[in-house]
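Just below is one structure, and these are the notes that go with it.
We did not get these values from a lab; they are worked out from the coordinates using the rules stated. Keep in mind that what you see is a predicted model, and the values were worked out from it rather than measured. Heads up, the Cβs are rebuilt from the backbone with ideal geometry, glycines too, and the neighbour counts pull from every protein chain shown.
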Amino acid sequence: MLDAPPPWSKRTLAVQAMGGVDPITKAVVPPIHVATTFIRDEDNAYSSGFVYGRPDNATVREAESVIAMLEEAEGALLFSSGMAAATAVFQALDPGDHVVAPRVMYWALRHWLATEATRWGLRVDFVETDDLEALKRAVRPGETKLVWVETPSNPLWTITDIAAAARIVHAAGARLAVDSTAASPVHTRPLLLGADIVMHAATKILNGHSDVVAGALAGRERDGFWERIVGIRKNQGAILGPFEAYLLMRGLRTLHLRAAAQAQSAQALAERLSSHPHVARVLYPGLPQHPGHEVAARQMEGGFGYMLSIQAAGGERAAIATAARVRLWKRATSLGGVESLIEHRASIEGPGTPCPPDLLRLSVGIEDVEDLYRDLDEALHGAHGASSG
Ligand SMILES: Cc1ncc(COP(=O)(O)O)c(C=O)c1O
């Protein structure tokens, strides 16, 4: 680790994984620590700071220090998935507490909130958190303990004004948590805008190679609430494995390059697809006509992220037929990898989804953007020919 507060940029620090070097061999890539248990000192202390592998692991700690640095957080915790990270935040609340979450958000977490969390005693209201007046009406001073927002939110990529939401939430005596998976720390730093906790499905662009399932939390303060979350991770055994933490750290070394390239391609595709004859609507916060564009331009820097959605002019059948025809885009769920993915979102979310049936979700990777456009263009034309013929 670098000792003094480093003068280097976040990008530089991430590339060198905070300068970590193995103290014994001087290897520039630190080893993967696999031990589950550690020697107790003769005086009965644990001077190394490590006791057992379920609460803590040195490789996990190294990746956490990169994420804490990127988010300018006092602490970061890695979990075995994004869902494990997100649910730990809600589990740190007490039964009876009131929480507010977005009406349209990552569907599995929404489902968990509507079922498990409610069964366990949380009172959950789903509102359009990008509508600040609606948010104001939803929070109950003294009763609301947590407001969860996702921005840009999956899969419509609506934008919530984090700074304005934080003012509303804090005035009611609650905490604000932000799922920043689609923004990444390269484009948005929610803690600097007033949020208390940031969550990432690190499975996505933080790792970036579609080969690790992981979740991250970053906290503005290591307060009592944070310590509860630390206890939940420890006692529920939800820590990330050391091999996954190593792969995640390798991914983080190139995060800035990937995020910049992916956002640039997403912007170019969104602009070109906006005038495509077989696309009814493009949802991307980087487009001036997007309802959240003005706020996004204020709170996001260096681009608007790697995710966009299109609504097919020919409706649901045309959307599914388009996804069936791509040759380069991979027809798969998930997001944030170097390879581009396309998904008919309503099919995976199932009955009751608020996702429009004509929507295709696009996760933009780092392939040649001309190839990406050509493949989609051909698929859109082919689908149109098939559905109109
Ligand atoms: C925005 C968002 N949050 C959370 C999650 C959950 O992450 P994981 O699949 O790692 O549990 C996802 C997964 O797709 C997501 O897209």
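Rank E349, E71, E42 by mean-square fluctuation in a GNM of the chain with C-alpha springs under 10 angstrom and give only the top-ranked residue.
Looking only at E349, E71, E42, the largest GNM fluctuation is found for E42.
Nearest 500 deg cm²/dmol is fine: what mean residue ellipticity at 222 nm does the chain get from its DSSP H runs of n ≥ 4 alone, each adding -39,500 (n - 2.57), divided by its residue count?
About -11000 deg cm²/dmol.
Quick one: length gained pulling R167 to D131 fully straight, 0.36 nm per residue minus the C-alpha distance?
11.6 nm
Contact order normalised by length for the chain, with contacts defined as Cα pairs under 8 Å and 6 or more residues apart; what percent is it?
Normalised by residue count, the contact order of the chain is 16 percent.
Give, in nm to one decimal, the length gained when the segment between H111 and E221 is fully stretched (0.36 nm per residue of separation minus the Cα-Cα distance).
Extra length available between H111 and E221 comes to 36.7 nm.
Report the label-to-label distance for E339 and D368 in nanometres (one decimal), using points 7 Å from each Cα along the Cα→Cβ vector.
Label at E339, label at D368, 1.9 nm between them.
Among A134, A117, T151, whose Cα lies farthest out toward the positive end of the dipole of segment 108-151, if unit charges sit on the beta carbon of Lys, Arg (+1) and Asp, Glu (-1)?
A117
So what's the gap between the Cα centers of segment 1-71 and segment 243-286, to the nearest angstrom?
Going from one Cα centre to the other spans 30 Å.
Mind giving me the FRET efficiency for H381 and L257? R0 is 51 Å, r the Cβ-Cβ distance, nearest 0.05 is fine.
Efficiency computed from Cβ-Cβ geometry: 0.95.
Nothing charged except the Cβ atoms of Lys and Arg (+1) and of Asp and Glu (-1): what's the magnitude of the dipole of segment 1-95 about its Cα centre? Round to the nearest 20 debye.
Roughly 360 debye, rounded to the nearest 20.
Highest GNM mean-square fluctuation, the chain, Cα pairs closer than 10 Å: which of T12, T37, T151?
Between T12, T37, T151, it is T37 that shows the largest mean-square fluctuation.
Using the Karplus curve 6.51 cos²θ - 1.76 cosθ + 1.60 with θ = phi - 60°, what ³J(HN,Hα) values do you get for each residue of segment 317-323, in whole Hz, with x for Gly and Pro?
Working through the residues one at a time gives 4, 5, 5, 5, 5, 5, 4 Hz.
Farthest toward the dipole's positive end in segment 56-187, which of I67, A85, H187, given Cβ charges of +1 (Lys, Arg) and -1 (Asp, Glu) about the Cα centre?
A85
Antiparallel DSSP bridges in the chain: what percent, to the nearest 5?
Beta bridges within the chain, antiparallel portion: roughly 60 percent.
Relative to the present Cα-Cα distance, how much length would full extension add between F38 and K234 at 0.36 nm per residue of separation?
Between F38 and K234, full extension yields 68.9 nm more.
Nearest 20 debye, what's the magnitude of the dipole of the chain about its Cα centre given +1 on Lys and Arg Cβ and -1 on Asp and Glu Cβ?
400 debye
May I ask you to derive the relative contact order of segment 256-388, considering only C-alpha pairs under 8 Å and at least 6 residues apart, and to give it as an integer percent?
27 percent
How big is the dipole moment of segment 298-354 about its Cα centre under a simple scheme where the beta carbon of each Lys and Arg is +1, that of each Asp and Glu is -1, and everything else is neutral? Debye, nearest 20, please.
My answer is approximately 200 debye.
In segment 198-344, with Lys and Arg counted as +1 and Asp and Glu as -1 at Cβ, which of these residues, G219, G286, Q236, has the Cα nearest the positive end of the dipole, that is, farthest along it?
Q236
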